[in-house]
Amino acid sequence: MVLGIEIGGQLLHPAQIYEAILNYILFLILWNKRKNTEYDGQIFFTYIIGFSINRFIVEFFRTNPMILGPISIAHLFSLGIILIAVVAMMILKKKYHNLQSSVGSNAIVNRQLDWGSFAIILGAIIISVAFYYFIHSF
């Protein structure tokens, strides 16, 4: 069994499915992290970093022009976005901790993995893959 989609006589990686699966996983991570945030903006920047990592990975399976070995412009852009988001997170976290030390500390609520959410995301992944291959079977 070969994993791929034949388009124009060429067998290509189903990069859209790879990206969808990675984004579902990112959603699950963010969903479970929503109650464990330390500061405002943490979920947003975690999403930006996660999406950029997903995009970086998927770019290896796309047929885009490469600029340096297997690296494309999208790879460099993703790395730049990750760097900016990490710096922004560090600034926000430092700002939050400075504010908390002057006001007092709040306890962070820890949660276990939400298995219901995990099952829903797994179901969405399966449906997405089935739909993708169903559409491309015509």
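The values are calculated or read from the model by the stated rules, or taken from the named source; none is laboratory data. These figures come from a predicted structure and were not determined experimentally. Note: ideal-geometry Cβ built from the backbone for every residue, glycine included; neighbour counts use all protein chains shown.
Summary of computed values
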read-out: First in region 64-85 and surrounded by 14 or more Cβ atoms within 10 Å (Cβ to Cβ), second anywhere and among the hydroxyl-bearing types (Ser, Thr, Tyr), Cβ under 8 Å, 6 or more apart; value: Ser78/Ser52; Leu79/Ser52; Ile81/Ser52; Ile82/Ser52; Ala85/Ser52
read-out: Residues satisfying the stated conditions in region 13-36, i.e. part of a loop (DSSP other than H, G, I, E, B) and without any contact (Cβ under 8 Å) to a residue 24 or more places away in the chain; value: Arg34
read-out: Qualifying residue in region 2-12 (condition: surrounded by 14 or more Cβ atoms within 10 Å (Cβ to Cβ) and in a helix (DSSP H, G or I)); value: no
read-out: Identity of the residue in region 44-90, in a helix (DSSP H, G or I) and polar (S, T, N, Q), that ends up nearest to the chain's Cα centre (by Cα); value: Asn54
read-out: For Asn32: the one exception among (1) farther than 27 Å from Ile126 by Cβ; (2) modelled with pLDDT of 85 or more; (3) among the polar types (S, T, N, Q); value: (1)
